[in-house]
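Heads up: the structure comes next, in structure tokens.
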Amino acid sequence: MATELHEAIFMAKQERHKNLFLNYRNLNNFPVELLKDEGLQFLERLYMKRNSLTTLPDNLAQKLPNLIELYLHSNNIVIIPEAIGNLARLQSLDLSNNALQLLCPEIGRLRSLRHLRLSNNQLKCLPPEIGDLQELETLDISMNQLMSLPDRLHRCASLQNLTADHNPLSHIPRQLCWLHRLNQLSMAANRLAFLPLDLGRSRELQFVFVDNNVELKGLPSYLYNKVIGCSGCGVSAHVLQGDMGEALGEALSEALVGLPAEVKVVGSVTDNVVPLEELAMRTLHHLNLLPPISLPKSLLDLLRFPLGHCHRCSQAMFTIIYPKLFPLRDTALAGVHRRTTVSFVAYCCSSHCLRTFDLQG
């Protein structure tokens, strides 16, 4: 095996190969032959899947400066050196099925990175610097121990596919609704009880999978007519039996569990006046005032990223919502999602919009 490895590397150096396949080689350490002398300056793709590597060399970028793709799937890598940030041309990095517990902040220096796969590791958090990956299109962080996602993730303006299945995530940052190129979002088998009010407002987002979030009982109505996976979500069917008015009221209450702390009032159809704080926030928003206006940071953050927009008129909302429930069993999608009693919830900005909103209108 060692002889075959030496021959493969020697041939790659002699013939200036751009691709080098070192999968299934039982490697415990990174081959020193790759790092001797000038290294492999011309190498663009390195495949090292299914080995037993525990770390990477600090001089990887120095010896393999033109790497575009690096595949390290199914090793025993515990730590990635800070020098990983020096791989200036790297576009694809696969670290799936390893033993990573931390991801160094220097990952944010990979400004050419387009695909990052970190599934099936032991990550408990992601560095905020991941938001610096402006070219990132695919991020797979499924099967980890993530309890939250960094708010700065919304800066990944090119992100199209985000997969975070099988984590203990309790919420999705509402800032992710500002990812206008996001096409597919998968958050199956987490602990979600609530989804951002604006989720699905972007026309680009077409596929949302939140299956097996047992506490999730409501979907934003912007997701209506999109491809949704919600099997295993919601309350049991018997909750919606009996008196219809009482059942719908109970279902609505459950669907609103977990609303963001900024929601100070849940309005009803009988309300005629919007609270003064909400009117003030809407006025500031319309004036497009930005720092350095003198407001607490919490209000400034809310001003930048409203809780949501009215599903009827698109008015930004900050402290109050008017919810309207549409049980999925009453929609055209009922036959598709038989294993759930989750409902669509429309969020409106006033009692007038609440009365006039129609899911299919």
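The values are calculated or read from the model by the stated rules, or taken from the named source; none is laboratory data. Values in this document were obtained by computation on a predicted structure and should not be read as measured data. Here Cβ is always computed from backbone atoms with ideal geometry, including for glycine, and neighbour counts include all displayed protein chains. The accessibility values were calculated without ligands, DNA or RNA, using every heavy atom of the protein model including side chains. Shrake-Rupley method; radii C 1.70, N 1.55, O 1.52, S 1.80 Å.
Odds and ends about this structure:
- Some residue of segment 184-202 being among the charged types (D, E, K, R), closer than 23 Å to L113 by Cβ and either in contact (Cβ under 8 Å) with a residue 24 or more places away in the chain or open to solvent by less than 40 Å² (accessible area, probe 1.4 Å) (or both): no
Residues checked against (1) surrounded by fewer than 16 Cβ atoms within 10 Å (Cβ to Cβ); (2) closer than 24 Å to M147 by Cα:
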site: G85; (1), (2): no, no
site: Q91; (1), (2): no, no
site: S96; (1), (2): no, yes
site: L100; (1), (2): no, yes
site: G108; (1), (2): no, yes
site: L113; (1), (2): no, no
site: R117; (1), (2): no, yes
site: N121; (1), (2): no, yes
site: C125; (1), (2): yes, yes
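- Filtered by the rule that a residue be open to solvent by 60 Å² or more (accessible area, probe 1.4 Å) and modelled with pLDDT under 95, segment 68-81 gives a lone residue, I79.
- Any chance L22 is within 17 Å of L133 (Cβ to Cβ), at pLDDT 95 or above and open to solvent by less than 40 Å² (accessible area, probe 1.4 Å): no
- For segment 338-361, the condition holds for at least one residue, the condition being that it is out of contact with any Asp or Glu (no Cβ under 9 Å at 6 or more places or on another chain), at pLDDT 85 or above, of a type in the set (V, I, T) and part of a loop (DSSP other than H, G, I, E, B).
- The set of residues in segment 1-19 being open to solvent by 70 Å² or more (accessible area, probe 1.4 Å) and either touching a helix residue (DSSP H, G or I) at 6+ places or on another chain (Cβ under 6 Å) or under 20 Å from T54 (Cβ atoms) (or both) consists of M1 alone.
- Restricting segment 203-218 to residues that are open to solvent by less than 10 Å² (accessible area, probe 1.4 Å) and assigned to a strand (DSSP E or B), the residue that is modelled with the highest pLDDT: V208
- Scanning segment 50-70 for residues that are within 18 Å of K18 (Cβ to Cβ) and either part of a loop (DSSP other than H, G, I, E, B) or touching a strand residue (DSSP E or B) at 6+ places or on another chain (Cβ under 7 Å) (or both) turns up L64, P65, N66, L67, I68, E69, L70.
- Hey, S268 in a loop (DSSP other than H, G, I, E, B) and at pLDDT 90 or above or not: yes
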